[in-house]
Amino acid sequence: MELYEWPAHRIHRGLVTGEVSAREVALATLDRIGQVESSVGAYLHLRPREDVLADADAVDAALRRGESLAAFGGVPVAIKDNMCCRLLPTTCASRILEGFHPPYDATAVTRLQGQRAVLLGNTNMDEFAMGSSTEHSAGGVTRNPWDLGRVPGGSSGGSAAAVAAGEAVVALGSDTGGSVRQPAAFCGVVGLKPTYGRVSRFGLVAFASSLDQIGPFGRDVRDVALLLGAVAGHDPADATSRPAEVPDFEAALVPDCRGLRLGVPREFLAAGVSPEVRAAIAAAVDLLVELGAEVQECSLPTVPYALDAYYVIAPAEASSNLARFEGVRFGRRAQGTSDYVEMFRRSRGEGFGPEVRRRIMLGTYALSAGYYDQYYGKAQQVRTLICREFEEALSGYAALVTPTAPSVAFGFAEKMDDPLQMYASDVCTVPINLAGLPAVSLPCGFSNGLPIGLQFIGRAFDEETILRLAYAYEQAADLRHRRPPIVAPRG
Amino acid sequence: MSVGTVEQRYETVVGLEVHVELATRSKMFCSCPTDFGAPPNTQVCPVCLGLPGALPVPNARAIEYALRAALALGCEIDRECRWDRKNYHYPDLPKGYQITQYARPLARHGTLRYAGGDGERSVRIRRLHMEEDTGKSTHEGMPGGTTGVDLNRAGVPLIEIVSEPDIRGPEDARLYLQSLRTVLLYTRVSDVKMEEGSLRCDANVSLRPVGTQAYGALVEVKNMNSFRSVQRALEYEVHRQAAALDAGERIVRETRHWDEKRGVTFPSRSKEEAHDYRYFPEPDLGPCALTEAYVEQVRASLPEAPGARQARYERLGLPAHDAGVLVADPALALYFDRMLAGGAAPREGASLLTVELLGRLNALGVTVGESGCRVQPEQLAALQELVASGVISGKIAKDVLDEMVAGGADPQAVVARRGLQQISDDGAIVDAVRSAIAVNPQSVADFRAGKKQALGFLVGQVMKATKGKANPAKVNEILARELG
């Protein structure tokens, strides 16, 4: 295994034993970025090489002084471009935040820096995290490392592609309706959406506040468990972060499923899920049974309405969250305007891309007087029902097993002209955000060389069980050493 | 022609919406200071600037203050009250929404009782909720045509207190507002100064023919910056609406601005009324979750309410007016309570405080409870006792008080140092009386001829000779005996 392919836990061991230096690790990743970034396009902003190496040297110096090393000390990491970081511009892949340098850091970023992680840069995404392919970005194209003619998924497509391509060891993304899990599935890596309230949202530029969570990407389950542990925990700066104790997630990684009852909700395998995904999930279920799990089919009858409810609630919150972007206090301001209203309108009109504008309009409409009860109110009722159904199902099952996405990665421009088609690619992930539950996606097979994602959904604040399931499956299925054959872009 | 006065023909129905800035040290959702008058945009942080990714965290002290106000107004508390977003665009509103409480306010169903023009008044409080203040837009001192935005005030905690339409006229509105101010002063949650904007009031006014129940079309009046302007604006509005109704016109439901200089209200631009605030639950904040024990603890910590205090002072023998003067100012009332604890007689003590001490402090531009006031309530009580026990006369007491106000000295020390003890020794007074009789034969003759006022002149001469220290009662008694 090349050094740039090492998982974080392997790097940690190598650093502690003196087998490698942090500088060597950083150089390996920087070289890898140099080789493949022009093909993949995972990053929006990379830090200067000398700054990255200086951070790595500081870790080596600390080791020489005999200081102890945290799990991500000296590990090259990437963050999504919607997490405030003083070291980088934070733009949410939007023109409206062009040149915005936050004066403060997101709590998750602070925690990683507190471990002396080596920050490489921030990654491409759909503008304001609104999208499922990373095509809605003002910052350029990110390509799927498994097939450069296909999308990496989204909205955290840059983070997923960076980890898959070896351009970062681990990365943070954010998941509002599947934006960590779906790109993880498309790029063949592990991605986890924590329970709502597990990771602080402070400094994460809000898309839909009641749904957003920061989540980890890694090339194996252990790295994801470790990264979750590094960023999780109560934050007094986020009133929705829960003061729940953070367990040792790594300790939960047991390579069997004995004694675990799992449910397979049939609604997640309904029409629209491709035959190859269905077949891969069926095979995965067989393997879980071999590993000692008891698996039953179950039903969550309101889940088919989840996508509709989500596309009312998320845009409603977004329409309010994005009101602050008007080019007055930060970001890009339209030039040559003569009054406030014109400046405001033009700054927003020029700054936001079409998908963001569409969702602002959808959300504004859904909250309008006379429509509120019909749309927002009704969607909240659906959300309540979905929460209740998940709670009931999870009182009988330790976790639920579903596909992460209804298909493998699709081609560029395939769904850009049909927003409803694009929205449907979140059908398996959105219900979990509405319920606020944790879920993890990991590779469970390939179709024509493209990864398929398996999703485990757990009880609130029980990431341990889904991590254990993912780990047991990963060890048994032994797919994790398959690496994408990045080839030069065609034409 | 219409018969009778406006008041005889129409009943005025008023509801007041009052915003009160809470006197917390930090803002509602961040730790920025709230000091008034700092240079623009110096008391700001990512949260109150509405920077991307910043999140609100409720200020527990602000919630406590709002709760104190709600309990002082006898409200029912919603211990699971919620936060909502009120969405609108304005340059001084950094997030594009205000965090407020809409569907589940902190408190409802309160009552404010106060002395009205013709007897006890009772106005129901519909709701009391918490919210954050906006920044300020300013054109002053800005280069031509530009607008400056100062966000120091953005995020300062406010409560909004909405009355039911129980207020029955312009004067009643002023009395309600003044009484509300007093109640809030006692809770110590705000300095409630209308001039500085820590108390702001909008009024909803309508008229209906006397004897009818249906409400007339509602007019909202804004921009009233003093208690007096509330009354004046409403008086103007009542007469404007009455004249329109008399002329057979319909009252338009609208928002009007009060112009203090011209003494009129005028319609605001209708654009402001076309708002659809798109309220929805604030997803960044959970419910408040106040425990019953906490609410009761705050309730128990409230000071005696103004109404109860008034009644107590009257029971102590104070005339209603004097008691009212003390109660209207919590600092004065607390000072007076400390005087009572220090042994002062209620009536005499109240007079010494409100007439003598306040008169002297006014001249210095300070009031009780401020560091400029160097007389402690216990010292003032001691001064009153010196008069009551006959050690000094009331007249000497004023001189002693002058020195106490100037130097903060104890009254006993001043009296002792300057030898101001009253002369009650008969021998000394007899000498002075005899000497006065000897040098004023005409006055003696006048007195004997039946002119009673001549006695006063002789008393004055004795007081003069004793530098005011002779006990006046003794002087009268001995003078009568010597002349008799």
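Every number here is computed from the coordinates shown, using simple stated rules; none is lab data. Quantities reported herein were computed from a predicted structural model and do not represent experimental measurements. For neighbour counting, all protein chains shown are included, and Cβ atoms are generated from backbone atoms with ideal geometry for every residue, glycine included.
Odds and ends about this structure:
- Per-selection Kirkwood Rh - segment A:79-131 (Cα, Å, 1 d.p.): 11.3
- Checking the Cα-Cα distances for A:80/B:86; B:27/B:86; B:86/B:261 against a 23 Å cut-off, the pairs over it are A:80/B:86; B:86/B:261.
- Low-density loop cleavage sites - GluC sites (Glu not before Pro) in segment A:317-354, where at most 10 other Cβ are within 10 Å (DSSP): none
- Taking all pairs of distinct alpha-carbon atoms in segment B:245-370, Kirkwood radius in angstrom: 20.3
- The calculated FRET efficiency for residue B:38 paired with residue B:226, based on their beta-carbon distance and R0 = 35 Å, is about 0.90.
- Projected area, mean over directions - segment B:304-418, Cα convex hull, nm²: 6.7
- Rg/Rg_globular for chain A, with Rg_globular taken as 2.2 N^0.38 Å and Rg from C-alpha atoms: 0.92
- Dimensions (Å) - segment B:51-204, Cα atoms, principal axes, largest first: 53, 40, 26
- The residue among B:207, A:251, A:120 whose Cα reaches farthest toward the positive pole of the charge dipole of the protein assembly as shown, with charges on the beta-carbon of Lys, Arg, Asp and Glu, is B:207.
- Per DSSP, loop chymotrypsin sites (Phe, Trp or Tyr not before Pro) in segment B:172-249 with at most 14 further Cβ within 10 Å: B:215
- Cβ-based net charge around residue A:235, under 13 Å, with every Lys or Arg adding one and every Asp or Glu removing one: +1
- Cα long-axis angle, helix B:453-465 against chain B (0 to 90 degrees, to the nearest 10): 90
- Taking max minus min of the alpha-carbon positions on each principal axis, segment B:426-483 gives extents of 29, 20, 16 Å, largest first.
- Per-residue mean of foreign Cβ neighbours for B:285-292 is 1 (Cβ atoms of other chains, 10 Å radius).
- Loop-located trypsin sites (Lys or Arg not before Pro) in segment A:233-290 (DSSP state not H, G, I, E or B) with no more than 13 neighbouring Cβ atoms inside 10 Å: A:258.
- Across segment A:323-374, Cα-Cα distances exceeding 13 Å account for 61% of all pairs.
- Computed on the Cα atoms alone, the convex hull of segment A:99-161 gives a volume of 104 cubic angstrom per residue.
- Neighbouring Cβ atoms from other chains, within 10 Å of the Cβ of residues in B:52-62, number 6 on average.
- Under Stokes-Einstein, with the Kirkwood radius over Cα pairs as Rh, the value for segment A:1-151 at 37 °C and 0.692 mPa s is 203 µm²/s.
- Globularity ratio of segment B:368-484, using Cα Rg and 2.2 N^0.38 Å: 1.29
- At 0.692 mPa s and 37 °C, Stokes diffusion of the protein assembly as shown via Kirkwood alpha-carbon radius, µm² per second: 99
- Using only the C-alpha atoms, the convex hull of segment A:345-491 corresponds to 173 Å³ per residue.
- Shielding by partners - mean other protein chain Cβ count within 10 Å, residues of A:234-243: 3
- Rg/Rg_ref, chain B, where Rg_ref = 2.2 N^0.38 Å and atoms are Cα: 1.31
- Dipole magnitude of chain B, debye to nearest 20 (Cβ charges: Lys/Arg +1, Asp/Glu -1, about Cα centre): 740
- Whole-percent P(r), segment A:272-385, all Cα pairs, 5 Å bins from 0: 2, 10, 13, 12, 11, 10, 10, 9, 8, 6, 4, 2, 1, 0, 0.
- Net charge dipole, the protein assembly as shown: roughly 2140 debye, given to the nearest 20, about the Cα centre with Cβ charges of +1 for Lys and Arg and -1 for Asp and Glu.
- Residue (of B:129, B:146, B:37) at the positive-pole extreme of segment B:28-154, dipole from beta-carbon charges: B:129
- Ignoring lysines fewer than eight residues from residue B:452 along the same chain, the ones with Cα atoms less than 26 angstrom from its Cα are B:395, B:464, B:467, B:469, B:474.
- Rounded to the nearest 20 debye, dipole of segment B:426-483 from Cβ charges on Lys, Arg, Asp, Glu: 140
- According to the calculation over all Cα-Cα pairs in segment B:6-294, the P(r) per 10 Å bin from zero is 6, 26, 34, 24, 9, 1 %.
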